[in-house]
Amino acid sequence: MTSSLASRTSARPQDHRLDAASSALDVRLAARRGGFVGHTSGLAAEYVQANLAVLPAAQAEDFRRFCALNPQACPLLGVSEPGDPTLAALGVDLDIRSDVPRYRVWRHGELVEEPTDVSAWWREDLVTFAIGCSFSFEHALLAEGIPLRHVEQGRNVAMYRTSIETQAAGVFRGPTVVSMRPLSAADAIRAVQITARLPRVHGAPLHLGDPSRIGIRDIATPDYGDAVEIRDGELPVFWACGVTPQSAIATARPPFCITHAPGYMLVTDLMNRDLVEA
């Protein structure tokens, strides 16, 4: 990614009316109108956020199997019919082509553009996969008084490629990507208990503590998102991340693909409270 591209994608929302109390539709419409091009962490706290992977129908079945084999990194929330940009089960007045603040367009595994609208790229053979996002379980953590530094500081969450290999399906394979939140030991234990009840948005952490054990060489330099300070007495806590499909797509090199930009999610009308399992 070039420095100019990186500076654009790290911008905070231009529509300052959006906050944790906003509705999912508020966020989608702001993105559609072009007034909001920031990451969605901390916004519309009651609503489920989703990662996106949009692939030609010829690659869709392999990708569906990839998600089924890697449910912690790729928990499916919805799959569209070919060419249908609405995903009505996930939201009223929802348009996959315009309602994400920033997208990534790929050709043969190479990133070619990061637009704020993909209508010009849309095709009748495209299948949309909506995948659970850790931003959704953040609401549950915050509700229990567990502080999240990137939310406090208005930053995107830090995300890293790891040495944990996914289960391959056809051409799709590659490393698991994780998101990291620094927590005290006591809060980390509580976070494990809380997120274990939310498997549709990644569930319990994959790893706590030493990042080198999962192949992360420099915790201060995330592969995606923004770095955050890990203070004395805190543990880095790592959850499987829905950016994992992007590493698989880069490996598979399909002729065409659209994803969200990391941290710039589709906010659905599903409610976080409805995802909690006993």
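The values are calculated or read from the model by the stated rules, or taken from the named source; none is laboratory data. Keep in mind that this is a model prediction, so the values were computed, not measured. Methodologically, a virtual Cβ is constructed for each residue, glycine included, from the backbone with ideal geometry; neighbour enumeration extends over all protein chains shown. These accessible areas exclude ligands, DNA and RNA; they are computed on the full protein's heavy atoms, side chains included. Shrake-Rupley method; radii C 1.70, N 1.55, O 1.52, S 1.80 Å.
Observations, loosely collected:
- Hits in segment 23-40 - residues which are within 17 Å of Ser136 (Cα to Cα), modelled with pLDDT of 95 or more and open to solvent by less than 20 Å² (accessible area, probe 1.4 Å): Ala24, Val27, Arg28
- For segment 48-61, the set of residues classified as over 16 Å from Ile96 (Cβ atoms) and open to solvent by less than 50 Å² (accessible area, probe 1.4 Å) consists of Gln59 only.
- Residue list for segment 233-276, restricted to those being assigned to a loop (DSSP other than H, G, I, E, B), open to solvent by 30 Å² or more (accessible area, probe 1.4 Å) and in contact with a Ser or Thr (Cβ under 9 Å, 6 or more places away or on another chain): Gly233
- Tally, over segment 216-226, of residues that are outside any strand (DSSP E or B) and surrounded by 15 or more Cβ atoms within 10 Å (Cβ to Cβ): 6
- Members of segment 157-167 that are part of a loop (DSSP other than H, G, I, E, B) and either of a type in the set (Phe, Trp, Tyr) or open to solvent by less than 10 Å² (accessible area, probe 1.4 Å) (or both): Val157
- For segment 71-92, the set of residues classified as over 19 Å from Thr176 (Cα atoms), in a loop (DSSP other than H, G, I, E, B), open to solvent by less than 60 Å² (accessible area, probe 1.4 Å) and of a type in the set (A, V, I, L, M, F, W, C) consists of Leu87 only.
- Residue list for segment 96-110, restricted to those being crowded, with 17+ Cβ neighbours inside 10 Å and not hydroxyl-bearing (Ser, Thr, Tyr): Ile96, Arg97, Asp99, Val100, Pro101, Arg102, Arg104, Val105, Trp106
- Some residue of segment 62-85 being among the polar types (S, T, N, Q) and in contact with a Leu (Cβ under 6 Å, 6 or more places away or on another chain): yes
- Some residue of segment 117-130 being surrounded by fewer than 16 Cβ atoms within 10 Å (Cβ to Cβ), within 19 Å of the chain's Cα centre (by Cα), over 28 Å from Arg273 (Cβ atoms) and not aromatic (Phe, Trp, Tyr): no
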